[in-house]
Amino acid sequence: MQCFFILCLLSLQWVLFGYSLAFGPGNPFIGGLEWFGLNGVGQAPNPDYAADIPHLAFMIFQAMFAIITPALIIGAFAERMKFSAFIWFSLLWATLVYDPICHMVWAVGGWVRTMGALDFAGGTVVHINAGIAALVCAMVLGKRYGYENKPTPLHNIPFTVLGAALLWFGWFGFNAGSALAANGLAANAFVTTNTAAAAAGLSWALLEWWKSGKPTMFGTVTGVVAGLVAITPAAGFVTPCAAIFIGLSVSVVCFLAVSILKPKFGYDDSLDAFGVHGIGGTWGALMTGVFATKAVNSAGNDGLLYGNPELFFIQLKAVAITVVYSFVVSFVILKIVDMIFGARVSQEDEVMGLDLTQHHERAYTILE
């Protein structure tokens, strides 16, 4: 329900004013309302963004990123946020956090774009942005009732595998589609995306095998997702061999984050939105500054390994800007929503389950 409602709500927000705030003419930090209601966004291409496809096509492709980013945050507060609070938080977050970050990183004249930062398909805009907001939600809402003394086994491994498989397949459109053409750059992004995902899935399985003696299905698909996250900012700027290193290494970084960092600090990030998307997105953005090469994308830049250490520090600055902005504004939004609506459900409602208490439905009805 939360995912589907975001799809409904933010599809309209994007058409009415979100796209204009994110990509419309404005200042280095936010667009204006010149394209409100898609005024001036038609079938002719907009050469500032995509000279070979309709402006409407670019708009609706970008809607995918705008919708999926706040949906990623859901994983951090699963089972404990009121639906009313969730609606207002999602709408305000998309408008006050996603749209400005998107404008700064991707829009013509955006602050982070102008400084030379590279983000091919959403490392900062999507994954770091959502991962930091997820951490904020986990911290502010607190742990699920019984989190520390009640086991929470996976609900359905086959569904997990199905979801991960759909993600892996869909990510090709996510990353390769960001070339905005069926060309060599799209092919490179396609190959690097698959390669990094495969390397990361392998790496996570081996890490589990080494640590606990058994590789798991859940760990392998978590590694695949970490690889997809990390290659997202780099897909159109690095070679396939660089993608192997990015995939192998991101699983190590994310594995440490979810197995050591989370228990140490005790936050309840239910689906590891911060540990995989926040940490993995940060690693990918920084590795873009190491492995990017103009031989892959002449519109990009050379990174540290190609004689340009400056790009690494630009990437580091872009990460820092995203982390600070997302953390501060997400915290303020959630606190305001909590003051007005009360963000967290009661203990009784949580124990009964949000399917029943928020929607008067059961996920499964078993007749005996």
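GNM, the chain, Cα, under 10 Å: largest mean-square fluctuation among ALA130, ALA164, ALA138?
With Cα springs under 10 Å in the chain, the top fluctuation among ALA130, ALA164, ALA138 is at ALA164.
Taking only Cα atoms and a 10 Å spring cutoff, compute GNM fluctuations for the chain and point out the largest among PHE265, PHE83, PHE313.
Most flexible of the set in this elastic network: PHE265.
Work through the residues other than GLY40 whose Cβ is under 13 Å from its Cβ and net out their charges, Lys, Arg +1 and Asp, Glu -1.
Here the count lands on -2.
Between beta-carbons, use under 14 Å as the cut-off and find the net charge around ILE128, counting Lys and Arg +1, Asp and Glu -1.
Result for the local shell: 0.
Using Cα-Cα distances under 8 Å and only pairs 6 or more residues apart, what relative contact order does the range 2-359 have, in percent?
Computed over the range 2-359, the figure is 21 percent.
Taking the alpha-carbon distance from LYS262 and a cut-off under 14 Å, which aspartates and glutamates remain once sequence neighbours fewer than 8 residues away in the same chain are dropped?
List returned: GLU148, ASP272.
Name the residue, out of MET59, MET217, MET339, whose mean-square fluctuation peaks in a Gaussian network model built on the chain with Cα pairs under 10 Å.
MET339
Please report ASP272, ASP119 as a ranked list, fewest other C-beta atoms within 10 angstrom at the top and most at the bottom.
ASP272, ASP119
Work out the FRET efficiency for SER259 and ASP355 from their Cβ-Cβ distance, taking R0 = 41 Å, and round it to the nearest 0.05.
Efficiency for this residue pair is about 0.85.
Can you tell me the length gained on complete extension of the stretch GLU79 to ASN39, counting 0.36 nm per residue apart and subtracting the Cα distance?
Length gained, GLU79 through ASN39: 10.5 nm.
What is the list of residues in the range 50-70 whose amide nitrogen lies under 18 Å from a point 7 angstrom out from the Cα of LEU180, following Cα to Cβ?
Of the residues in the range 50-70, 50-66 have backbone N under 18 Å from the label point off LEU180.
How would you rank SER326, SER11, going from fewest to most other Cβ atoms within 10 Å of each one's own Cβ?
Placing the least packed residue first, the sequence is SER11, SER326.
Compute and list, largest first, the equivalent-ellipsoid semi-axes of the range 2-359 from the alpha carbon gyration tensor, each √(5λ) rounded to a whole angstrom.
Whole-Å semi-axes of the equivalent ellipsoid: 31, 27, 17.
Return the distance in nm (one decimal) between the two label points of a simple spin-label model at SER298 and VAL108, each offset 7 Å from Cα along Cα→Cβ.
Using points 7 Å along Cα→Cβ, the separation is 2.0 nm.
How about LYS82: which lysines have a C-alpha closer than 23 Å to its C-alpha, ignoring those fewer than 8 places off in the same chain?
Those lysines meeting the cut-off are LYS143, LYS150, LYS335.
Which of ASP99, ASP338 comes first, and how do the rest follow, when ranked by fewest Cβ neighbours within 10 Å?
Fewest to most other Cβ atoms nearby, the residues stand as ASP338, ASP99.
Each reported figure results from applying straightforward, stated rules to the coordinates on display, with no laboratory input. Small disclaimer: the values here were computed from a predicted structure and weren't measured. So basically every Cβ, Gly included, is an ideal-geometry build from the backbone, and we count neighbours across all protein chains shown.
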